[in-house]
1. Condition (residue is small (Gly, Ala, Ser), closer than 23 Å to Asn90 by Cβ, modelled with pLDDT of 95 or more and part of a strand (DSSP E or B)) applied to the range 36-57: is it met by at least one residue?
2. Restricting attention to the range 27-56, which residues are loosely packed, with under 14 Cβ neighbours inside 10 Å, of a type in the set (S, T, N, Q) and either over 16 Å from Gly1 (Cα atoms) or in contact with a Leu (Cβ under 7 Å, 6 or more places away or on another chain) (or both)?
3. Looking only at the range 83-103, count how many residues are under 18 Å from Thr17 (Cα atoms) and touching a residue at least 12 places away in the same chain (Cβ under 8 Å).
4. Of all residues in the range 40-73, how many are within 20 Å of Leu26 (Cα to Cα) and of a type in the set (Phe, Trp, Tyr)?
5. Inside the range 82-103, can you point out the residues that are open to solvent by 100 Å² or more (accessible area, probe 1.4 Å) and either in a loop (DSSP other than H, G, I, E, B) or of a type in the set (Ser, Thr, Tyr) (or both)?
Amino acid sequence: GHVEQGEEIRAAALRETREEMGVKRLRIRAQLGTIAFWFQFRKQKIHKTVHYFLMEVPGDEVGTPQKSEKIQAIRWVPLQEAREVLSYKNTRKVLDRAIEWLS
C-alpha cells in the first residue's frame, strides 16, 4: 500500500492491511524494519521502500482478500511454515525478527 499525504507510516500500515486483508480488529505489536529496492514498471525505474510490522489479529477473524488488488488468498500458517512459503529471501530476515520478538 501507499502512505497517504499527512498519514503516519504506522497508521498507513494498519489501514492498508485492513483494506487488503479485510480484517477489522488489528493492532501493531512491533516494527520489524524496512526493505528498499528498485524495480522496473512500464519502462520506468522505481525505488520502493517497504515498512514491516508485526501485527496481531484475534483468532476468530478470518479476513477477505481484496481481489481488486490482485490478492488471491489469505493463509494463516505456523511461523516455521511461513519461512517455506515466503517468495523473497529478504523477507525471511523480517520473519526472523518477528520470531525473535515473539520468543
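1. no
2. Answer for the range 27-56, where residues must be loosely packed, with under 14 Cβ neighbours inside 10 Å, of a type in the set (S, T, N, Q) and either over 16 Å from Gly1 (Cα atoms) or in contact with a Leu (Cβ under 7 Å, 6 or more places away or on another chain) (or both): Gln40, Gln44.
3. Restricting attention to the range 83-103, the residues satisfying the condition of being under 18 Å from Thr17 (Cα atoms) are 86, 91, 94-95, 98.
Restricting the remaining residues to those that are touching a residue at least 12 places away in the same chain (Cβ under 8 Å) gives 91, 94-95, 98.
Summing the residues that are under 18 Å from Thr17 (Cα atoms) and touching a residue at least 12 places away in the same chain (Cβ under 8 Å) in the range 83-103 gives 4.
4. 2
5. Tyr88, Ser103
The values are calculated or read from the model by the stated rules, or taken from the named source; none is laboratory data. The shown structure was predicted, so the numbers you read here are calculated from the model rather than taken from an experiment. Every residue, glycine as well, gets a Cβ built from its backbone with ideal geometry; the counts of neighbours run over all protein chains shown. All accessible areas refer to the heavy atoms of the entire protein, side chains included, with ligands and DNA or RNA removed. Shrake-Rupley method; radii C 1.70, N 1.55, O 1.52, S 1.80 Å.
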